[in-house]
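The next block holds one structure in the form of structure tokens; read it before the comments.
The values are calculated or read from the model by the stated rules, or taken from the named source; none is laboratory data. The structure presented is a predicted model; accordingly, all values stated were derived computationally and were not measured. Here Cβ is always computed from backbone atoms with ideal geometry, including for glycine, and neighbour counts include all displayed protein chains.
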Amino acid sequence: MTGEIEFLTSGISDKNIQKFVEDLLFKHEKEFLEVPSSSGFHHAYKGGNFEHTTNVMLIVQSSYNYKINLDIAIAGAILHDVGKIKCYSINKKRIVHTVRDVLHGHFLHGNRILEEAYNENPIIPKDQFDEIQHIILSHHGPVSQGHGSIVDPMTMEALLVSQVDQMDAYLSHIKESKVNLFCR
Ligand SMILES: [Fe+2]
Ligand SMILES: [Fe+2]
């Protein structure tokens with residue numbers, strides 16, 4: 001199963017950032033590859049969050065023209081929804097919210113998982129860690145939109161991830177809703 005995680009991180013050129021992300025994901029590998037991304041809105045099936053994460057990573061990875069720090073943006077794209085591993089489980093093929101999801105949500109869980117990984121394995125400079133953390137904390141767009149962000153996206157990398165995240169979630173929602181778009 002290691003191929004999936006290595007594929008996700010293969011576009012990160014800084015070896016320490018790449019190792020930090022890989023070590024974090026390997027620690028939670030089974031849940032990360034299996035968890036759905038939601039219980040209904042988008043990618044609501046086993047492995048859905050990995051599929052969503054892959055989509056967001058691939059689009060962000062191709063965004064080199066915006067003069068962003070691509071390694072930070074890719075790392076943030078890969079980790080933005082990692083907190084969902086504590087939020088959902090699958091029981092007899094049905095998606096269930098965990099109590100922890102209801103009480104805390106995936107922003108807090110994602111932040112905890114990231115901080116735990118950094119405390120165990122501080123192999124990247126703190127300012128890089130802060131920028132990746134900012135992407136997790138702001139990835140649902142401006143706080144005023146009320147979609148769960150803890151802070152507004154304030155870096156180009158965070159802005160990019162939040163926009164791509166919204167786009168992929170919405171496209172998946174339309175696909176799963178089987179809405180007729182132009183008769184397809
Ligand atoms: Fe999210
Ligand atoms: Fe997402």
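Residues being closer than 29 Å to residue 127 by Cβ and under 13 Å from the mean Cα position of the chain (by Cα) are entirely absent from segment 33-45. Residue count for segment 120-173 satisfying the condition of being touching a residue at least 24 places away in the same chain (Cβ under 8 Å), within 15 Å of ligand 1 (Cβ to nearest atom), buried (at least 17 other Cβ atoms within 10 Å of the Cβ) and part of a loop (DSSP other than H, G, I, E, B): 4. Tally up the residues in segment 1-34 that are outside any helix (DSSP H, G or I) and either of a type in the set (S, T, N, Q) or under 17 Å from residue 165 (Cα atoms) (or both), please. Adding up the residues that qualify gives 2. What about residue 19, is it of a type in the set (Lys, Arg) and surrounded by 15 or more Cβ atoms within 10 Å (Cβ to Cβ)? Judged against the criteria, residue 19 is a match. Scanning segment 125-171 for residues that are farther than 28 Å from residue 18 by Cα and either of a type in the set (Gly, Ala, Ser) or within 15 Å of ligand 2 (Cβ to nearest atom) (or both) yields 144, 145, 146, 147, 170, 171.
Restricting segment 86-95 to residues that are surrounded by fewer than 23 Cβ atoms within 10 Å (Cβ to Cβ) and modelled with pLDDT of 80 or more, the residue that is farthest from ligand 2 (Cβ to nearest atom) is 94. Just one of the listed residues (41, 26, 32) is touching a helix residue (DSSP H, G or I) at 6+ places or on another chain (Cβ under 7 Å), under 21 Å from residue 116 (Cα atoms) and surrounded by fewer than 19 Cβ atoms within 10 Å (Cβ to Cβ), namely 26.
Restricting the first member to segment 23-49 and to residues that are at positive phi, and the second to residues that are outside any helix (DSSP H, G or I) and within 13 Å of ligand 1 (Cβ to nearest atom), the beta-carbon pairs closer than 9 Å and six or more apart or on different chains are 43/36; 43/37; 47/35; 47/36. Of the residues in segment 68-76, none is more than 20 Å from residue 27 (Cα to Cα), within 16 Å of ligand 1 (Cβ to nearest atom), part of a helix (DSSP H, G or I) and of a type in the set (Val, Ile, Thr). Residues to consider are 40, 83, 48; find the one that is within 16 Å of ligand 2 (Cβ to nearest atom) and closer than 16 Å to residue 139 by Cα. Answer to the selection: 83.
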